[in-house]
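First the structure, in the form of structure tokens, and then the observations on it.
The values are calculated or read from the model by the stated rules, or taken from the named source; none is laboratory data. Computed from a predicted structure; not experimentally measured. Methodologically, a virtual Cβ is constructed for each residue, glycine included, from the backbone with ideal geometry; neighbour enumeration extends over all protein chains shown. Quick note on the areas: whole protein, heavy atoms, side chains included, nothing else; ligands and nucleic acids left out. Shrake-Rupley method; radii C 1.70, N 1.55, O 1.52, S 1.80 Å.
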Amino acid sequence: MTPEETDGGPARVDVWFRPTLDISAARLDAARSLLSAEEQTRARRFRFAEDARDYVLAHALVRESLSASPAGRSVEPPAWAFGVAPGGKPFAEPGGTPSFNLSHTRGLVACAVSEGAPVGVDVERADRLVDARAVAARYFSRAERAWLDRLDASAFATGFLTLWTLKEAFVKAVGAGLSFPLPEAAFALDGPSTIVFHGPPAASGPSWHFALFQPTSDTRLAVAVQAGEPPRITVRSWVDREEGPASLAPLRTSAGVRVGLSEASGA
Ligand SMILES: CC(C)(COP(=O)(O)OP(=O)(O)OC[C@H]1O[C@@H](n2cnc3c(N)ncnc32)[C@H](O)[C@@H]1OP(=O)(O)O)[C@@H](O)C(=O)NCCC(=O)NCCS
């Protein structure tokens with residue numbers, strides 16, 4: 001199925017994640033063998049072995065995720081080539097192939113693939129050392145800061161992590177990088193399971209949809225998708241794929257987003 005030959009239903013977004021801390025040397029070598037010469041050179045330049053490991057596994061996951069997608073099945077993982085859009089967002093070549101986005105945090109990598117809808121993914125660790133108040137003051141909206149200020153310390157940490165991950169996923173879907181005015185991409189976490197987006201109104205085009213997951217106990221994963229109707233988002237562990245992995249249940253979604261495999265997806 002090509003991107004144009006969808007079944008007319010909601011956009012399909014497949015997200016694969018891979019914990020990296022306990023990777024064997026053999027699996028790391030196998031992942032490295034999928035990368036281009038340029039990617040292998042970049043991997044050798046990291047100062048810390050953990051960063052090189054995560055880079056190798058992230059870029060191997062991109063290649064494998066694209067080749068596992070309905071539109072990419074005829075392309076072997078090492079055969080993908082990549083370009084970079086003006087805002088810095090990488091895309092797969094040749095044109096017309098799936099949209100994708102990659103994220104890594106120490107010990108976890110993730111890749112989202114869609115049939116063409118703009119997509120962004122972000123993974124963050126709960127224990128990442130940042131000055132949350134300073135980040136919020138600079139990048140969060142007034143309403144987001146007011147909401148955080150009403151929370152106790154534990155709820156504040158979780159709320160901050162959730163907002164940060166959602167904002168990053170949105171900015172990465174847009175592809176604008178650090179030039180995007182992050183306070184304008186604002187979220188409200190209404191009730192126990194809902195995400196409400198108060199972002200800049202799209203001048204035209206489809207609306208934005210979001211979902212939030214917890215791939216491991218100390219991480220969050222957010223997905224942002226721009227599509228005419230709420231998409232179907234599936235988040236699975238790449239490690240377990242041979243067993244037909246179960247998809248993660250979301251912590252939160254925006255209205256109408258469907259999560260998990262559909263009976264007809266064939267994946
Ligand atoms: C680069 C950026 C897009 C994301 O950075 P990040 O969250 O630190 O890193 P992630 O691991 O999630 O994403 C990095 C990957 O995204 C992709 N990427 C790079 N530029 C991108 C862009 N403009 N748009 C979308 N994806 C991009 C790349 O594949 C990159 O991995 P690679 O360098 O190995 O190829 C950028 O938005 C950034 O640095 N943001 C930080 C902004 C911030 O300080 N926010 C405060 C809290 S809201």
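The residues of segment 211-233 that are touching a Lys or Arg at 6+ places or on another chain (Cβ under 8 Å) and farther than 20 Å from residue 57 by Cα, listed by number, are 211, 212, 213, 224, 230, 231, 232, 233.
Answer with yes or no whether residue 187 is farther than 21 Å from residue 216 by Cβ, in contact with a strand residue (DSSP E or B) (Cβ under 9 Å, 6 or more places away or on another chain) and either without any contact (Cβ under 8 Å) to a residue 24 or more places away in the chain or not in a helix (DSSP H, G or I) (or both).
yes
Given the options 123, 113, 119, name the one that is touching a Pro at 6+ places or on another chain (Cβ under 8 Å), of a type in the set (Val, Ile, Thr) and closer than 18 Å to residue 177 by Cα. None of the others qualify; the one that does is 123.
Take segment 75-92 and flag every residue that is closer than 17 Å to residue 32 by Cα and of a type outside the set (A, V, I, L, M, F, W, C). Of everything in segment 75-92, those that are closer than 17 Å to residue 32 by Cα and of a type outside the set (A, V, I, L, M, F, W, C) turn out to be 76, 77, 78. What is the one condition in (1) more than 16 Å from the ligand (Cβ to nearest atom); (2) not basic (Lys, Arg); (3) not in a strand (DSSP E or B) that residue 234 does not satisfy? Residue 234 satisfies every listed condition except (3). Any residue at all in segment 198-205 that's among the hydrophobic types (A, V, I, L, M, F, W, C), over 14 Å from the mean Cα position of the chain (by Cα) and under 20 Å from residue 102 (Cα atoms)? Taking every residue of segment 198-205 in turn, none turns out to be among the hydrophobic types (A, V, I, L, M, F, W, C), over 14 Å from the mean Cα position of the chain (by Cα) and under 20 Å from residue 102 (Cα atoms).
For residue 13, are the conditions met, namely being free of Cβ contacts under 8 Å to residues at least 12 places away in the same chain and under 18 Å from the mean Cα position of the chain (by Cα)? Judged against the criteria, residue 13 is not a match. Does residue 127 fit the bill of being surrounded by fewer than 13 Cβ atoms within 10 Å (Cβ to Cβ), acidic (Asp, Glu) and over 28 Å from residue 111 (Cα atoms)? In short, no. Looking at segment 189-215, which of the residues that are modelled with pLDDT of 95 or more and open to solvent by less than 40 Å² (accessible area, probe 1.4 Å) is farthest from residue 232 (Cα to Cα)? Per the stated criteria, the residue is 215. Applying the criterion of being of a type in the set (Asp, Glu) and more than 21 Å from residue 225 (Cα to Cα) to the residues of segment 145-169, the residue that is surrounded by the fewest Cβ atoms within 10 Å (Cβ to Cβ) is 152.
Does residue 57 qualify as being surrounded by 12 or more Cβ atoms within 10 Å (Cβ to Cβ) and assigned to a loop (DSSP other than H, G, I, E, B)? No, not satisfied.
For segment 94-145, which strands (runs of 3 or more DSSP E) that fit wholly inside it have 3 or more residues that are more than 8 Å from the ligand (Cβ to nearest atom)?
108-114
When segment 64-93 is filtered for residues that are part of a loop (DSSP other than H, G, I, E, B) and more than 16 Å from the ligand (Cβ to nearest atom), the ones remaining, listed by number, are 69, 70, 71, 72, 73, 74, 75, 76.
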